[in-house]
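Only one structure is covered here, and it is reproduced in the block below.
The values are calculated or read from the model by the stated rules, or taken from the named source; none is laboratory data. Treat the numbers as computed from the prediction; the structure is a model and nothing was measured. FYI the Cβ positions are ideal-geometry reconstructions off the backbone, even for glycines, and counts take in every protein chain you see. Note: accessible area is taken over every heavy atom of the protein model, side chains too, but ligands, DNA and RNA are not part of it. Shrake-Rupley method; radii C 1.70, N 1.55, O 1.52, S 1.80 Å.
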Amino acid sequence: MATSTQFPDDFRCPISLEIMSDPVILSSGHTFDRSSIQRWVDSGHRTCPITKLPISDPVSLIPNHALRSLISNYTLVSFPKPLSYPEPQSLIQTLIASSSSNLDSKLNSLDQLSKLSKRDLAIRRKLTESGAVSALLNCVNSDDDSGGLQEKALHLLLNLSLDDDNKVGLVAEGVVGKVVSSLRRGAGDSRAVAATVLTSLAVVEVNKATIGAYPDAIPGLISLLWGGSGRERKEAATALYTLCSFPDNRVRAVQNQAVLVLIKNANLGLERSVEVLGLLAKCKEGRYEMFKYCGLLDILIKFLKNGSSRAVQYGLLTISLLCSYSERMRVLAVREGVFEISVGLLQDDNEKVRRNANSLIQVLQGQTLSL
(Lines give C-alpha, C1' and ligand atoms only; values in the text may rest on other atoms or scores of the structure.)
Protein backbone atom coordinates (compact mmCIF):
# COMPACT_ATOMS: atom_id res chain seq x y z
CA MET A 1 0.00 0.00 0.00
CA ALA A 2 1.20 3.56 -0.62
CA THR A 3 2.34 5.93 2.06
CA SER A 4 -0.05 8.71 3.03
CA THR A 5 2.19 11.36 1.46
CA GLN A 6 1.59 9.75 -1.97
CA PHE A 7 -2.18 10.13 -1.79
CA PRO A 8 -4.29 13.27 -2.22
CA ASP A 9 -4.98 14.98 1.10
CA ASP A 10 -8.73 14.34 0.73
CA PHE A 11 -8.05 10.62 1.12
CA ARG A 12 -6.71 11.10 4.65
CA CYS A 13 -8.85 11.03 7.79
CA PRO A 14 -8.80 14.47 9.52
CA ILE A 15 -8.36 12.72 12.89
CA SER A 16 -5.71 10.05 12.25
CA LEU A 17 -4.23 11.62 9.08
CA GLU A 18 -4.06 8.07 7.70
CA ILE A 19 -5.57 6.94 4.40
CA MET A 20 -9.21 6.03 5.05
CA SER A 21 -10.23 2.40 4.65
CA ASP A 22 -13.90 2.92 5.53
CA PRO A 23 -14.83 6.59 4.97
CA VAL A 24 -18.12 7.74 6.52
CA ILE A 25 -19.91 11.08 6.48
CA LEU A 26 -20.83 12.76 9.77
CA SER A 27 -23.97 14.88 10.05
CA SER A 28 -21.73 17.97 9.82
CA GLY A 29 -20.94 16.96 6.24
CA HIS A 30 -17.30 16.09 6.93
CA THR A 31 -15.85 12.66 6.14
CA PHE A 32 -13.77 10.56 8.56
CA ASP A 33 -12.45 7.02 8.73
CA ARG A 34 -15.09 4.98 10.57
CA SER A 35 -12.72 3.64 13.24
CA SER A 36 -11.38 7.10 14.08
CA ILE A 37 -14.73 8.89 14.33
CA GLN A 38 -16.21 5.94 16.23
CA ARG A 39 -13.45 6.30 18.87
CA TRP A 40 -14.23 10.02 19.02
CA VAL A 41 -17.92 9.33 19.61
CA ASP A 42 -17.24 6.49 22.06
CA SER A 43 -15.18 8.94 24.13
CA GLY A 44 -18.36 10.91 24.75
CA HIS A 45 -17.88 13.69 22.20
CA ARG A 46 -21.03 14.98 20.53
CA THR A 47 -19.45 17.64 18.35
CA CYS A 48 -17.75 17.52 14.97
CA PRO A 49 -13.95 17.34 15.39
CA ILE A 50 -13.53 19.92 12.64
CA THR A 51 -16.36 22.43 13.10
CA LYS A 52 -16.84 21.86 16.88
CA LEU A 53 -20.58 22.15 16.24
CA PRO A 54 -23.11 19.67 17.73
CA ILE A 55 -23.81 16.53 15.70
CA SER A 56 -26.98 14.47 15.46
CA ASP A 57 -27.93 12.26 18.40
CA PRO A 58 -28.06 9.34 17.87
CA VAL A 59 -24.91 9.72 15.79
CA SER A 60 -25.39 8.91 12.12
CA LEU A 61 -22.42 7.65 10.08
CA ILE A 62 -23.21 7.43 6.37
CA PRO A 63 -20.81 5.40 4.18
CA ASN A 64 -19.02 7.57 1.62
CA HIS A 65 -19.08 5.05 -1.22
CA ALA A 66 -17.81 7.48 -3.83
CA LEU A 67 -14.68 8.35 -1.86
CA ARG A 68 -14.09 4.72 -0.93
CA SER A 69 -14.20 3.78 -4.59
CA LEU A 70 -11.73 6.55 -5.48
CA ILE A 71 -9.30 5.40 -2.80
CA SER A 72 -9.67 1.78 -3.88
CA ASN A 73 -8.97 2.61 -7.52
CA TYR A 74 -6.02 4.77 -6.56
CA THR A 75 -4.35 1.95 -4.65
CA LEU A 76 -4.30 -0.19 -7.81
CA VAL A 77 -1.29 1.87 -8.86
CA SER A 78 1.99 0.24 -7.84
CA PHE A 79 3.86 2.08 -5.12
CA PRO A 80 7.07 1.24 -3.30
CA LYS A 81 6.67 -0.59 0.00
CA PRO A 82 6.44 1.88 2.89
CA LEU A 83 8.92 1.88 5.73
CA SER A 84 7.82 -0.26 8.65
CA TYR A 85 7.68 1.08 12.19
CA PRO A 86 7.63 -0.79 15.49
CA GLU A 87 4.23 -1.45 17.00
CA PRO A 88 3.19 1.33 19.43
CA GLN A 89 2.74 -1.20 22.24
CA SER A 90 6.36 -2.37 21.99
CA LEU A 91 7.54 1.24 22.04
CA ILE A 92 5.44 1.90 25.14
CA GLN A 93 6.85 -1.19 26.84
CA THR A 94 10.37 0.03 26.17
CA LEU A 95 9.55 3.25 28.02
CA ILE A 96 7.86 1.54 30.93
CA ALA A 97 10.61 -1.04 31.40
CA SER A 98 13.00 1.72 32.50
CA SER A 99 15.35 -0.53 34.41
CA SER A 100 16.00 -2.87 31.49
CA SER A 101 15.89 -0.37 28.63
CA ASN A 102 19.12 1.28 27.52
CA LEU A 103 19.30 4.97 26.66
CA ASP A 104 19.33 4.46 22.89
CA SER A 105 16.16 2.33 23.10
CA LYS A 106 14.42 5.00 25.16
CA LEU A 107 15.43 7.77 22.79
CA ASN A 108 14.21 5.78 19.80
CA SER A 109 10.91 4.96 21.51
CA LEU A 110 10.37 8.61 22.42
CA ASP A 111 11.09 9.69 18.84
CA GLN A 112 8.75 7.14 17.30
CA LEU A 113 5.94 7.72 19.81
CA SER A 114 6.17 11.47 19.34
CA LYS A 115 5.71 11.07 15.59
CA LEU A 116 2.82 8.65 16.00
CA SER A 117 1.01 10.42 18.84
CA LYS A 118 1.14 13.81 17.14
CA ARG A 119 -1.48 12.66 14.63
CA ASP A 120 -3.19 9.69 16.27
CA LEU A 121 -5.74 10.18 19.06
CA ALA A 122 -5.87 6.44 19.72
CA ILE A 123 -2.15 6.23 20.43
CA ARG A 124 -2.33 9.23 22.76
CA ARG A 125 -5.12 7.50 24.64
CA LYS A 126 -3.16 4.22 24.78
CA LEU A 127 -0.14 6.05 26.19
CA THR A 128 -2.11 7.69 28.99
CA GLU A 129 -3.90 4.44 29.88
CA SER A 130 -0.79 2.22 29.83
CA GLY A 131 1.18 3.82 32.65
CA ALA A 132 3.59 5.49 30.24
CA VAL A 133 3.13 8.94 31.81
CA SER A 134 5.03 7.90 34.93
CA ALA A 135 7.89 6.62 32.77
CA LEU A 136 7.84 9.86 30.79
CA LEU A 137 8.13 11.90 33.98
CA ASN A 138 11.17 9.85 34.98
CA CYS A 139 12.73 10.79 31.65
CA VAL A 140 11.88 14.47 32.19
CA ASN A 141 13.46 14.28 35.65
CA SER A 142 16.53 12.34 34.48
CA ASP A 143 19.96 13.74 35.31
CA ASP A 144 21.35 12.05 32.21
CA ASP A 145 20.26 14.20 29.28
CA SER A 146 22.50 12.52 26.73
CA GLY A 147 20.84 12.71 23.34
CA GLY A 148 18.11 15.04 24.57
CA LEU A 149 16.17 12.56 26.71
CA GLN A 150 14.45 15.30 28.68
CA GLU A 151 13.53 17.34 25.62
CA LYS A 152 12.12 14.33 23.75
CA ALA A 153 10.05 13.31 26.77
CA LEU A 154 8.65 16.85 27.05
CA HIS A 155 7.71 16.81 23.36
CA LEU A 156 5.78 13.59 23.91
CA LEU A 157 4.07 15.06 26.98
CA LEU A 158 3.09 18.04 24.85
CA ASN A 159 1.44 15.70 22.34
CA LEU A 160 -0.48 13.95 25.13
CA SER A 161 -1.71 17.29 26.41
CA LEU A 162 -3.31 18.13 23.06
CA ASP A 163 -6.53 16.37 24.06
CA ASP A 164 -8.71 18.24 26.56
CA ASP A 165 -9.69 14.91 28.11
CA ASN A 166 -6.05 14.33 29.08
CA LYS A 167 -5.19 17.75 30.50
CA VAL A 168 -6.70 17.35 33.98
CA GLY A 169 -5.49 13.75 34.27
CA LEU A 170 -1.92 14.72 33.41
CA VAL A 171 -1.92 17.39 36.11
CA ALA A 172 -3.29 14.84 38.59
CA GLU A 173 -0.40 12.49 37.72
CA GLY A 174 2.15 15.10 38.81
CA VAL A 175 3.20 16.46 35.44
CA VAL A 176 3.29 20.08 36.61
CA GLY A 177 6.10 19.63 39.13
CA LYS A 178 8.44 17.92 36.66
CA VAL A 179 7.64 20.40 33.88
CA VAL A 180 8.15 23.40 36.16
CA SER A 181 11.52 22.01 37.24
CA SER A 182 12.52 21.89 33.58
CA LEU A 183 11.87 25.63 33.22
CA ARG A 184 15.03 26.31 35.21
CA ARG A 185 17.31 23.33 34.64
CA GLY A 186 16.28 22.12 31.19
CA ALA A 187 18.88 21.59 28.46
CA GLY A 188 18.61 22.39 24.76
CA ASP A 189 15.05 23.36 23.87
CA SER A 190 13.64 21.74 27.01
CA ARG A 191 12.85 25.03 28.75
CA ALA A 192 10.87 26.37 25.79
CA VAL A 193 8.98 23.08 25.38
CA ALA A 194 8.26 22.98 29.13
CA ALA A 195 6.66 26.43 28.90
CA THR A 196 4.60 25.25 25.91
CA VAL A 197 3.38 22.21 27.89
CA LEU A 198 2.18 24.53 30.68
CA THR A 199 0.34 26.65 28.09
CA SER A 200 -1.39 23.55 26.71
CA LEU A 201 -2.38 22.25 30.16
CA ALA A 202 -3.66 25.68 31.25
CA VAL A 203 -6.20 25.81 28.43
CA VAL A 204 -8.53 23.96 30.84
CA GLU A 205 -9.86 26.43 33.41
CA VAL A 206 -9.37 24.27 36.51
CA ASN A 207 -5.71 23.75 35.59
CA LYS A 208 -5.05 27.49 35.54
CA ALA A 209 -5.59 27.65 39.30
CA THR A 210 -3.65 24.45 39.99
CA ILE A 211 -0.62 25.44 37.91
CA GLY A 212 -0.62 29.04 39.15
CA ALA A 213 -0.62 27.91 42.77
CA TYR A 214 2.23 25.49 42.19
CA PRO A 215 5.49 26.71 43.77
CA ASP A 216 7.87 28.10 41.15
CA ALA A 217 5.47 27.78 38.19
CA ILE A 218 4.93 31.50 37.66
CA PRO A 219 8.38 32.43 39.08
CA GLY A 220 9.96 29.90 36.70
CA LEU A 221 8.23 31.47 33.70
CA ILE A 222 9.28 34.94 34.82
CA SER A 223 12.85 33.69 35.19
CA LEU A 224 12.75 32.62 31.54
CA LEU A 225 11.59 36.10 30.58
CA TRP A 226 14.63 37.54 32.31
CA GLY A 227 17.33 35.31 30.88
CA GLY A 228 15.90 33.05 28.19
CA SER A 229 16.50 32.89 24.46
CA GLY A 230 14.09 34.55 22.06
CA ARG A 231 11.99 31.41 21.73
CA GLU A 232 12.05 30.74 25.47
CA ARG A 233 10.89 34.26 26.27
CA LYS A 234 8.07 34.04 23.74
CA GLU A 235 6.87 30.68 25.08
CA ALA A 236 7.14 31.90 28.68
CA ALA A 237 5.09 35.00 27.89
CA THR A 238 2.49 32.86 26.13
CA ALA A 239 2.21 30.57 29.17
CA LEU A 240 1.87 33.59 31.47
CA TYR A 241 -0.85 35.03 29.25
CA THR A 242 -2.82 31.78 29.43
CA LEU A 243 -2.40 31.47 33.20
CA CYS A 244 -3.22 35.13 33.89
CA SER A 245 -6.68 34.87 32.40
CA PHE A 246 -7.34 33.48 35.92
CA PRO A 247 -7.48 36.56 38.24
CA ASP A 248 -5.52 35.09 41.18
CA ASN A 249 -2.58 34.37 38.90
CA ARG A 250 -2.34 38.04 37.93
CA VAL A 251 -1.55 38.95 41.53
CA ARG A 252 0.96 36.10 41.77
CA ALA A 253 2.69 37.31 38.62
CA VAL A 254 2.88 40.90 39.88
CA GLN A 255 4.27 39.74 43.23
CA ASN A 256 7.07 37.98 41.35
CA GLN A 257 8.16 41.13 39.51
CA ALA A 258 6.45 40.26 36.23
CA VAL A 259 5.63 43.87 35.33
CA LEU A 260 9.22 45.08 35.06
CA VAL A 261 10.43 42.15 32.98
CA LEU A 262 7.38 42.34 30.71
CA ILE A 263 8.03 46.03 30.10
CA LYS A 264 11.67 45.26 29.29
CA ASN A 265 10.62 42.53 26.85
CA ALA A 266 7.98 44.76 25.28
CA ASN A 267 10.67 47.37 24.76
CA LEU A 268 12.66 44.69 22.92
CA GLY A 269 9.69 44.08 20.63
CA LEU A 270 8.11 40.98 22.21
CA GLU A 271 4.44 41.60 21.44
CA ARG A 272 3.18 38.84 23.73
CA SER A 273 4.48 40.90 26.67
CA VAL A 274 1.98 43.63 25.80
CA GLU A 275 -0.84 41.07 25.90
CA VAL A 276 0.20 39.95 29.40
CA LEU A 277 0.47 43.57 30.56
CA GLY A 278 -3.10 44.07 29.39
CA LEU A 279 -4.24 41.29 31.72
CA LEU A 280 -2.12 42.47 34.65
CA ALA A 281 -3.51 45.99 34.28
CA LYS A 282 -6.89 44.56 35.28
CA CYS A 283 -5.71 44.19 38.88
CA LYS A 284 -4.79 47.11 41.14
CA GLU A 285 -1.46 45.53 42.05
CA GLY A 286 -0.49 45.40 38.39
CA ARG A 287 -1.52 49.00 37.73
CA TYR A 288 0.40 50.18 40.81
CA GLU A 289 3.60 48.63 39.44
CA MET A 290 3.02 50.01 35.95
CA PHE A 291 2.57 53.55 37.25
CA LYS A 292 6.19 53.41 38.45
CA TYR A 293 7.64 53.21 34.92
CA CYS A 294 7.56 56.51 33.06
CA GLY A 295 8.58 54.98 29.75
CA LEU A 296 5.74 52.47 29.58
CA LEU A 297 3.37 54.77 27.71
CA ASP A 298 5.94 55.44 24.98
CA ILE A 299 6.48 51.69 24.54
CA LEU A 300 2.74 51.06 24.25
CA ILE A 301 2.33 53.91 21.76
CA LYS A 302 4.96 52.27 19.52
CA PHE A 303 2.83 49.13 19.43
CA LEU A 304 -0.30 51.18 18.65
CA LYS A 305 1.50 52.56 15.62
CA ASN A 306 3.41 49.52 14.38
CA GLY A 307 2.20 46.39 16.18
CA SER A 308 0.06 43.48 15.05
CA SER A 309 -3.70 43.61 15.60
CA ARG A 310 -3.38 41.72 18.89
CA ALA A 311 -0.59 44.01 20.12
CA VAL A 312 -2.67 47.07 19.21
CA GLN A 313 -5.72 45.56 20.90
CA TYR A 314 -3.89 44.93 24.17
CA GLY A 315 -1.92 48.16 23.99
CA LEU A 316 -5.21 50.05 23.84
CA LEU A 317 -6.62 47.97 26.70
CA THR A 318 -3.58 48.61 28.91
CA ILE A 319 -3.64 52.37 28.33
CA SER A 320 -7.41 52.46 28.93
CA LEU A 321 -7.08 50.71 32.27
CA LEU A 322 -4.17 52.88 33.40
CA CYS A 323 -5.90 56.10 32.37
CA SER A 324 -9.11 55.05 34.10
CA TYR A 325 -7.29 54.99 37.44
CA SER A 326 -4.84 57.85 36.98
CA GLU A 327 -5.61 61.41 35.95
CA ARG A 328 -1.88 62.01 35.50
CA MET A 329 -1.69 59.12 33.03
CA ARG A 330 -4.76 60.38 31.19
CA VAL A 331 -3.28 63.86 30.77
CA LEU A 332 0.02 62.37 29.62
CA ALA A 333 -1.71 60.11 27.09
CA VAL A 334 -3.61 63.05 25.59
CA ARG A 335 -0.40 65.08 25.43
CA GLU A 336 1.39 62.23 23.61
CA GLY A 337 -1.29 62.01 20.91
CA VAL A 338 -3.03 58.82 22.05
CA PHE A 339 -6.44 60.38 21.41
CA GLU A 340 -5.65 61.03 17.73
CA ILE A 341 -4.14 57.57 17.32
CA SER A 342 -7.28 56.01 18.81
CA VAL A 343 -9.55 57.96 16.49
CA GLY A 344 -7.56 56.66 13.53
CA LEU A 345 -7.93 53.09 14.81
CA LEU A 346 -11.73 53.39 14.71
CA GLN A 347 -11.35 52.56 11.01
CA ASP A 348 -9.27 49.43 11.64
CA ASP A 349 -10.37 46.14 10.05
CA ASN A 350 -10.22 44.33 13.39
CA GLU A 351 -13.43 44.61 15.43
CA LYS A 352 -11.64 44.23 18.78
CA VAL A 353 -9.20 46.99 17.90
CA ARG A 354 -12.10 49.29 16.98
CA ARG A 355 -13.91 48.44 20.22
CA ASN A 356 -10.87 49.06 22.42
CA ALA A 357 -10.06 52.26 20.56
CA ASN A 358 -13.58 53.51 21.20
CA SER A 359 -13.29 52.61 24.90
CA LEU A 360 -10.00 54.48 25.21
CA ILE A 361 -11.47 57.55 23.51
CA GLN A 362 -14.26 57.58 26.08
CA VAL A 363 -11.74 57.31 28.93
CA LEU A 364 -9.63 60.14 27.53
CA GLN A 365 -12.78 62.26 27.30
CA GLY A 366 -13.28 61.78 31.02
CA GLN A 367 -15.72 58.87 31.03
CA THR A 368 -15.19 55.87 33.32
CA LEU A 369 -14.20 52.61 31.67
CA SER A 370 -16.66 49.79 32.36
CA LEU A 371 -14.66 46.79 33.68
For region 181-221, just say rounded, prolate or oblate: build the C-alpha gyration tensor, square-root its eigenvalues into a ≥ b ≥ c, call rounded for a/c under 1.5, and beyond that prolate if a/b exceeds b/c, oblate if not. oblate
Please work out how much accessible surface R191 shows to a 1.4 Å probe, ignoring ligands, DNA and RNA, in Å² rounded to 10. 60
Total charge of the residues flanking A195 in space, meaning their Cβ is under 12 Å from its Cβ, with Lys and Arg +1 and Asp and Glu -1, is +3
Please list, in chain and number order, the residues 5+ apart from C48 or on another chain whose amide H is under 5 Å from its amide H, with Hs placed from the backbone. L53, I55
Taking the chain as a Gaussian network, where each spring joins two C-alpha atoms under 10 Å apart, which residue of D57, D348, D189 fluctuates the most? D57
Rounded, prolate or oblate: which fits region 128-270, taking a ≥ b ≥ c as square roots of the Cα gyration tensor eigenvalues, rounded meaning a/c under 1.5, else prolate when a/b beats b/c? oblate
P(r) over all Cα-Cα pairs of region 214-341, 10 Å bins from 0 to the longest distance, whole percent per bin, short to long, reads 14, 48, 31, 7, 0
Relative contact order of the chain, defined on C-alpha pairs under 8 angstrom at six or more residues apart (%): 8
Mind listing the Cα extents of the chain along all three principal axes, in Å, largest one first? 73, 51, 37
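Where does the charge balance sit around S320 when Lys and Arg score +1, Asp and Glu -1, over other residues with C-beta under 12 Å from its C-beta?
+4
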Against the longest principal axis of the chain, how steep is helix 175-185, in degrees 0 to 90 to the nearest 10, with axes from Cα atoms? 60
In region 197-235, whose amide N lies under 18 Å from the spot 7 Å out along Cα-to-Cβ of T47? List them in ranges. 200-208
With unit charges on the beta carbon (Lys/Arg positive, Asp/Glu negative), name the residue among S27, I211, G148 whose Cα is farthest towards the positive pole of the charge dipole of the chain. I211
Note the count of lysine pairs whose C-alpha atoms are less than 18 angstrom apart in region 98-220, limited to pairs 8 or more residues apart or on different chains. 14
So how tilted is helix 271-280 from the main axis of the chain? Cα-based, degrees 0 to 90, rounded to 10. 70
How many nm separate the modelled label positions at S245 and N141, each set 7 Å beyond the Cα in the direction of the Cβ? 3.0
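Within region 238-310, count lysine pairs with alpha carbon atoms under 21 angstrom apart where the residues are 8 or more positions apart or belong to different chains.
Details: K264/K282; K264/K284; K264/K292; K264/K302; K264/K305; K282/K292; K284/K292; K292/K302.
Taking the Cα cut-off of 21 Å, the pair count is 8.
How do T31, T318 stack up against each other in accessible area, from largest to smallest, with a 1.4 angstrom probe? Working shown, then result.
Details: T31 30, T318 0 Å².
Result of the area sort, largest leading: T31, T318.
From largest accessible area down, sort K167, K106, K284; use a 1.4 Å probe on the protein chains.
Details: K167 5, K106 40, K284 140 Å².
Ranked list, largest accessible area first: K284, K106, K167.
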A correct Karplus calculation of ³J(HN,Hα) over region 42-47, with 6.51 cos²θ - 1.76 cosθ + 1.60, θ = phi - 60°, whole Hz and x for Gly and Pro, returns 5, 7, x, 6, 10, 10
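Calculate the dipole size of the chain relative to its Cα centre from +1 charges on Lys and Arg beta carbons and -1 charges on Asp and Glu beta carbons; express the result in debye to the nearest 20. Don't skip to the end; give the middle numbers.
Details: 41 positive and 37 negative charges, 171 e Å.
My answer is approximately 820 debye.
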